[in-house]
Amino acid sequence: MKTVKLQGVLVSIDGIGVLIRGPAGSGKSLAALNLLRQGHHLVADDLVEIFPDPSGEALVGRSVEEHFRIEVRGLGLFIAEVLFPHGTRPSTRIDFVVDLDGYDPARDLGRTSPETGKLRVMDIDLLTVRVPVASGMDPALLVDVLARAFKQNGTV
């Protein structure tokens, strides 16, 4: 089976698979930790192995590691199953991608709808959503809201 690997964090929020990307220190793993605290699931932290589902129409992601490790900046690496015994999943369909980005007042002030695009992976287009994050904002809350909107509407 052909696979590709992408940097990011993959979570499952009420059955919706979200690949969170962003530069180092953007809050990807912190968002995953906050989502785990809310009862959602971690699939992969840092590197996600992606492959087509059996239909060939969607993509599935999983961890490249046997144990679900999660990095907490400044504190180290932790085994997610130890911190959250029911908080991991071996794989999930990837429904959309969140790109965490720094908030830019010139670009983001007054925005009333998300900035979306497409990421082509293995001949399949994934919806991408740019999420501008300002200091003090909780990226997990923003990702959770997008996943809930996607679950309700099939889009963000």
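Specify the residue that is surrounded by the most Cβ atoms within 10 Å (Cβ to Cβ); the eligible residues are those in the stretch 73-86 that are closer than 26 Å to Val133 by Cα and in contact with a strand residue (DSSP E or B) (Cβ under 6 Å, 6 or more places away or on another chain).
Ala80
Condition check ((1) aliphatic (A, V, I, L, M); (2) out of contact with any His (no Cβ under 8 Å at 6 or more places or on another chain); (3) in contact (Cβ under 8 Å) with a residue 24 or more places away in the chain) across all residues:
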position	(1), (2), (3)
Gly25	no, yes, yes
Val82	yes, yes, no
Asp123	no, yes, no
Leu127	yes, yes, yes
Arg130	no, yes, yes
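Determine which single condition Ile13 fails, assuming it passes every other condition in (1) free of Cβ contacts under 8 Å to residues at least 60 places away in the same chain; (2) touching a Lys or Arg at 6+ places or on another chain (Cβ under 8 Å).
Among (1) free of Cβ contacts under 8 Å to residues at least 60 places away in the same chain; (2) touching a Lys or Arg at 6+ places or on another chain (Cβ under 8 Å), Ile13 violates only (1).
Answer yes if at least one residue in the stretch 58-68 is farther than 20 Å from Ala147 by Cα and either outside any loop (DSSP other than H, G, I, E, B) or among the basic types (Lys, Arg) (or both), and no otherwise.
The initial filter retains those residues of the stretch 58-68 that are farther than 20 Å from Ala147 by Cα, namely 63-68.
With either outside any loop (DSSP other than H, G, I, E, B) or among the basic types (Lys, Arg) (or both) added as a condition, the list becomes 63.
Yes; the residues of the stretch 58-68 include at least one that is farther than 20 Å from Ala147 by Cα and either outside any loop (DSSP other than H, G, I, E, B) or among the basic types (Lys, Arg) (or both).
Looking only at residues in the stretch 67-94 that are touching a helix residue (DSSP H, G or I) at 6+ places or on another chain (Cβ under 6 Å) and within 22 Å of Ile16 (Cβ to Cβ), which one is modelled with the lowest pLDDT? Talk me through it step by step, then tell me what you get.
Let us first name the residues in the stretch 67-94 that are touching a helix residue (DSSP H, G or I) at 6+ places or on another chain (Cβ under 6 Å), namely 68, 70-71, 84, 87-88.
So of that shortlist, the ones also within 22 Å of Ile16 (Cβ to Cβ) come out as 68, 70, 84, 87-88.
Details: Phe68: 76, Ile70: 84, Phe84: 87, Gly87: 89, Thr88: 92.
My answer is Phe68.
Do any residues in the stretch 40-55 that are buried (at least 24 other Cβ atoms within 10 Å of the Cβ) have Cβ atoms under 7 Å from those of residues that are polar (S, T, N, Q) and assigned to a strand (DSSP E or B), where the two are at least six apart or on different chains, and which pairs are they?
Leu42/Thr88; Val43/Ser12; Val43/Ser63; Val43/Ser91; Val43/Thr92; Ala44/Ser63
The values are calculated or read from the model by the stated rules, or taken from the named source; none is laboratory data. On a predicted model such as this, the values are computed, not experimentally measured, just so you know. We place every Cβ from the backbone using ideal geometry, glycine too, and count neighbours over all the protein chains shown.
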